[in-house]
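Here the structure comes first, spelled out in structure tokens, and everything after it is commentary.
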Amino acid sequence: MKLEIIGIKSMPLIKDGDELVELILESMEKEGLKVHDGDIFVIAETAIAKSEGDTIEISKITPGLKSSEIADKTGKDARLVEAIIQESNEIIKIGPDFIVSETKHGFVCANAGIDESNVDKGLATPIPDDPDKSAADIMAKISDKTGKEIGVIISDTQGRAFREGAVGVAIGISGMKPLWNRSGESDLYGKELKTTSIAVADELASAASIAMGQADEGIPVVIIRGVEYFEKLKDSSETIKPLIRPKRYDVFR
């Protein structure tokens, strides 16, 4: 399998109310790119949040007692802590400079996924309200305009338990399954696979983050082309939920 990872370099800075699909297709045209069947568009959650007007003005937040107490323990701005609490179902762990929480979507990550980078000073972007719906809307519009079968992944940059550094992960999806269950297939030695499930949406989001970058690269949309298993996994009704481990299987809580 030969993969192409294509960053759309001419995307402008996204603003509230921007029609993201129009910007994507216009930018692709400028760069001589066409949409192919099987293309998977990976879009940074910050671009989604900004286009949907889903930003947090930190200076307008009034911190409560709990957020002030947590701010004292973590060294974080109490107003940011209050925003984290508001975006969370549960605060799971507090450390010297971190807050791990379960977001309203069920994701377990640092700071409820709130991001202060790549947005105007004083603002922050939370995880979009419904990343699956955002992905489905974008997939439908691109497919309608081009006649091509595609997938869309909304990505975020998150850390991982017991490992340093951050990678791209999928927080929303449309057009394909986020998990590839390979149970029943055989390995190289003919042994049957019993419980092998591949988080393909996360793998693709992580691959796309190589082109996106995490600083001033300005590439919020990446196309991954040549994913042979797209045909096997394409599904217009799928969501990101199969990637979320049920709390009853979470041995750390």
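The values are calculated or read from the model by the stated rules, or taken from the named source; none is laboratory data. What you are looking at is a predicted structure, and each value in this text was computed from that prediction instead of being measured. Note that we place each Cβ from the backbone using ideal geometry, even for glycine, and neighbour counts take in every protein chain shown.
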request  = Please indicate, with yes or no, whether at least one residue in segment 184-202 is out of contact with any Phe, Trp or Tyr (no Cβ under 8 Å at 6 or more places or on another chain), closer than 18 Å to PHE230 by Cα and surrounded by 17 or more Cβ atoms within 10 Å (Cβ to Cβ).
outcome  = yes
key: strands (runs of 3 or more DSSP E) wholly inside segment 71-139 that include at least 1 residues being surrounded by fewer than 18 Cβ atoms within 10 Å (Cβ to Cβ)   = 88-94, 108-110
remark   = In segment 2-60, anything in contact with a Lys or Arg (Cβ under 6 Å, 6 or more places away or on another chain) and of a type in the set (Gly, Ala, Ser) is listed as SER10
message = Of the residues GLY159, GLY165, only one is small (Gly, Ala, Ser), at pLDDT below 95 and surrounded by fewer than 10 Cβ atoms within 10 Å (Cβ to Cβ); which?
response = GLY165
ask   = What number goes with the only condition from (1) among the polar types (S, T, N, Q); (2) over 18 Å from ALA211 (Cβ atoms); (3) in contact with a strand residue (DSSP E or B) (Cβ under 8 Å, 6 or more places away or on another chain); (4) surrounded by 20 or more Cβ atoms within 10 Å (Cβ to Cβ) that SER51 does not pass?
value = (3)
key: Residue check for ALA211: touching a Leu at 6+ places or on another chain (Cβ under 8 Å) and buried (at least 17 other Cβ atoms within 10 Å of the Cβ)   = no
ask   = Given (1) on the phi < 0 side of the Ramachandran plot; (2) without any contact (Cβ under 8 Å) to a residue 60 or more places away in the chain, where does GLN214 come up short, assuming only one miss?
value = (2)
request  = Have a look at VAL42, VAL21 and point out the one that is closer than 22 Å to THR146 by Cα and either outside any strand (DSSP E or B) or not assigned by TED's automatic domain parsing to the domain that holds ALA135 (or both).
outcome  = VAL21
inquiry  = What pairs come out if I take residues in segment 131-148 that are under 24 Å from THR46 (Cβ atoms) and pair them with residues that are part of a helix (DSSP H, G or I) and at pLDDT 95 or above whose C-beta lies under 6 Å away, six or more apart or interchain?
reply    = SER134/ILE48; ILE138/VAL21; LYS141/VAL21; ILE142/VAL21
inquiry  = Six or more apart or on different chains, Cβ atoms under 9 Å: show the pairs whose first residue is in segment 10-26 and without any contact (Cβ under 8 Å) to a residue 40 or more places away in the chain and polar (S, T, N, Q) and whose second is surrounded by 11 or more Cβ atoms within 10 Å (Cβ to Cβ) and in a loop (DSSP other than H, G, I, E, B).
reply    = SER10/GLU31
task = Among the residues of segment 162-217, write down those that are within 27 Å of SER237 (Cα to Cα), in a helix (DSSP H, G or I) and small (Gly, Ala, Ser).
result = ALA201, ALA205, SER206, ALA207, ALA208, SER209
